[in-house]
Each structure stands twice: as C-alpha cells, then as structure tokens.
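What follows is one structure encoded as structure tokens, with my remarks underneath.
Derivation of every value follows stated rules applied to the coordinates shown; laboratory data play no part. If you're wondering where the values come from, they're calculated on a predicted model, not measured in any experiment. Every residue, glycine among them, receives a Cβ derived from its backbone with ideal geometry; neighbour counts consider all protein chains shown.
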Amino acid sequence: DDWAAAVAAVRRLPADARVLLICHVNPDGDALGSMLGFGLGLRRSGVRRLQATFPGPPEVPEPFRWLPGLDLLVPAVEAYPDPDLVVCFDAASESRLGELVDRLDTAGEALVLDHHASNTGFGRIHLVDPRAAATSVVAEELLARLDVPLDADTATCLYVALTTDTGSFRFEATTPAVHQLAARLLATGIRPGDISRRVFDTRPFGAVRLFGEVLGRARLDRAAAAGRGLVWTYATLDDLARHEQQPYVLESLIDSVRCTAEADVACVLKQVGVDEWAVSMRSKGAVDVSRVAIALGGGGHRFAAGFTGRGGAQEVLGRIRAELDGALTGS
Ligand code: 5GP
Ligand code: MN
Ligand code: MN
C-alpha cells in the first residue's frame, strides 16, 4: 500500500540523496510545522542533503519565526531542481505549489502528505487522510513507521501544526488519537504554554488597533445561506499600511468574526492586490464551505475553506452569497 511505498521510498535513499520538502504557498502552522518537524526527523535519521521550501517570497510569518528547523529552509529559487525525493506537505492541489509544482515531475519520487478531502491526488505516493486533524498527524505516523523517535524539536514543530489546525483542540477533528498524539509530543518535555503564547498570543499593538477597525465594519446578513446567516468583513492593503502591519496578522481575524451566534457562515476578505482578495470562510455545520470555495476556484475542508477572488469586495461577496444557498449539507 501507500504507507509501505512511502517507507520504502525513504529507506532506499542512498546516503548522498537530495531530499526536497515543500509545502503550500502562504504557509500556515500545519504546512511549516509538519514540514520542518518531518525534516528534523529525517536529518536525525541520517539524510544529509536536505532542503525545505515553499513557493512565493521566502518569508516565514512572524509567529513561526522561532521554530526549530528553520535552518532547513532555502528560498524556492535555490531549491534542488531535480531532487531524488520530493515530499509535499498540507497542499490540497498542485495550484497551491506555485513555481515548485514542476518538482513533482523532476523528482525521482514524489510523496504527498495531506489531510484535505479535496486533495486532487497529484504526486505518486499518497498519504492523504481526510480524517486527520492536521498534516502533522500523517507526518508523525510516517516518522514512527520509519523508526525515527520524537525529540523535543520535532515535537515542537508537530505540536504547532496540531494546535493551529485544530484551533487548539476545539474543532471537530479533535479525536482521541489527536490527544494521544499531543500526549506523545508533550512527553518530550516541550512547554505548551510557551508555544501557544508565541504562536497565538503575541501580536504588535498595531494589530489590535487594526482588528478594532476591521471588526467595526463587520456586517451580519441574516437572510444569507438560506436564512442561516452570514457574517463578514474585509481588510484592505491600505488598512494594513495605515496600521503598519504585515498580512499575517489578519490570519486570525476570521476567529474573531466567526463567533457571531446569529450566523452559520463567516467570511473574511483580505485584499492581496488590486481587485484581488484572499477569502477565508468558516461554517458551523449547516453549510459545506469547501463546496463554495471549490466552486469559486479554491478548496479546503467542510468547516474551513478559502479561495482567491477577483473584482471588488462586494462583487466577490455577491458570488459567495450566490453559492451559499446551494452548499447546505444534505442538499
Ligand atoms: P484559511 O482561511 O485559514 O486561510 O484557510 C482555511 C482552509 O481553506 C485551508 O486549510 C485551506 O485548505 C483552504 N484554502 C484557503 N485558501 C485557499 C485557496 O486559495 N485555495 C485552496 N485550494 N484552498 C484554500
Ligand atoms: Mn494549511
Ligand atoms: Mn492542514
């Protein structure tokens, strides 16, 4: 099966093999954490020529700039053009791999670790588990099957991945297995309080003021999603510039919006260019937002999905409203 193929692909690597680890564009905690955690494990097991990278500008978002294993990272332009093995983390489709997508063909072997139900099946060996709470769950299982023991650095990366993708163990995918994995990670001696503070609770004061302004313009549309309600807001590049903030601070904005009791669906439009918006969507259950995202060119999970929308904010929102009614689960 694919697990056996994945183990064999790593085990048969010669000592001088070049291994390239890649993850999705605009990497989040799961993309970076699963990739770097796995990379640190591979390095300890003897892989010497090892690079990790992601498409786009080579900047790691501030909340992750302290992770163990950052020294594995190289800019995408410097990544091995034809590695012996490429391992891809947390990407649902090739479109999430930007300029690195060619490595799936140029590499000697292409291994895909992911947990998106919408995964398109790209690559050659597929470790894709839609029930897994995070890609790091899959990465840890592969490390275990490779007999690579956990150490504190690997555990730190995998713990960041697990907590970011489960909303700190709040989301539906938080199974007993997730808590058992968390227990194994914590048993290495890592400090969850320190990690959570660095990842979730450390932002510049300007970000607090920016949130105040952006949340102040949130709107509640009770009729949307066949009466189940939509709450939404948007943040422009000008908002970021005025508050002197980096785009990463807006990643958690959706969490402040989606707590709205009167809406089943929450939506945040983050401007990324002229007439270009990175859209985040969340659902409380009645609506499958991945259906909306896929219909509009993106992807994701049932309760958390996104896409890039073009046009004015109202225009993009109009397209979302039009898709919402048809995305009721069971319809
Ligand atoms: P977030 O709203 O946190 O950026 O993304 C939530 C989920 O939606 C992610 O886990 C990812 O699977 C998916 N997602 C977000 N943006 C995009 C996108 O532009 N394209 C695709 N295919 N998926 C996205
Ligand atoms: Mn991700
Ligand atoms: Mn993920």
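Quick look at the numbers
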| quantity | calculated |
| --- | --- |
| Equivalent ellipsoid semi-axes, the range 205-327, via Cα gyration tensor eigenvalues times 5, rooted, Å | 23, 16, 12 |
| Listed residues Leu210, Phe169, Cys267: farthest to the positive end of the dipole of the range 164-278 (Cβ charges) | Phe169 |
| Degrees between helix 135-145 axis and first principal axis of the chain (Cα, 0 to 90, nearest 10) | 20 |
| Whole-number D in µm² s⁻¹ for the chain, Kirkwood Cα-pair radius fed into Stokes-Einstein, 25 °C, 0.890 mPa s | 120 |
| Net charge, Arg217 excluded, C-beta distance under 15 Å - Lys, Arg +1, Asp, Glu -1 | 0 |
| Nearest 10 degrees, 0 to 90: helix 205-216 Cα axis against the chain principal axis | 40 |
| Estimated D of the range 71-198 in µm² per second, where Rh is the Kirkwood radius over Cα pairs and Stokes-Einstein applies at 25 °C, 0.890 mPa s | 156 |
| Ranked list, fewest to most other Cβ atoms within 10 Å of each Cβ, for Leu215, Leu20, Leu269 | Leu215, Leu269, Leu20 |
| DSSP-assigned coil residues among GluC sites (Glu not before Pro) in the range 200-296, each with at most 12 further Cβ atoms within 10 Å | Glu244, Glu262 |
| Normalised alpha carbon radius of gyration of the range 120-278 [divisor 2.2 N^0.38 Å] | 1.25 |
| Ranked Phe122, Phe205, Phe54, criterion: other C-beta atoms within 10 Å, fewest first | Phe205, Phe122, Phe54 |
| Simple Cβ-charge dipole of the range 183-331, Lys/Arg +1 and Asp/Glu -1, about Cα centre, in debye nearest 20 | 420 |
| Rg/Rg_globular for the range 23-74, with Rg_globular taken as 2.2 N^0.38 Å and Rg from C-alpha atoms | 1.07 |
| Pair Phe171, Arg197: separation of 7 Å Cα→Cβ label points (nm) | 2.6 |
| Burial ordering of Ser34, Ser290, fewest other beta-carbon atoms within 10 Å first | Ser290, Ser34 |
| DSSP-defined antiparallel bridges as percent of all bridges, the chain, nearest 5 | 45 |
| Alpha-carbon gyration tensor eigenvalues x 5, square-rooted, for the range 1-158, Å | 18, 18, 17 |
| Surrounding net charge for Pro247, when Lys and Arg each add one and Asp and Glu each subtract one, Cβ distance under 15 Å | -4 |
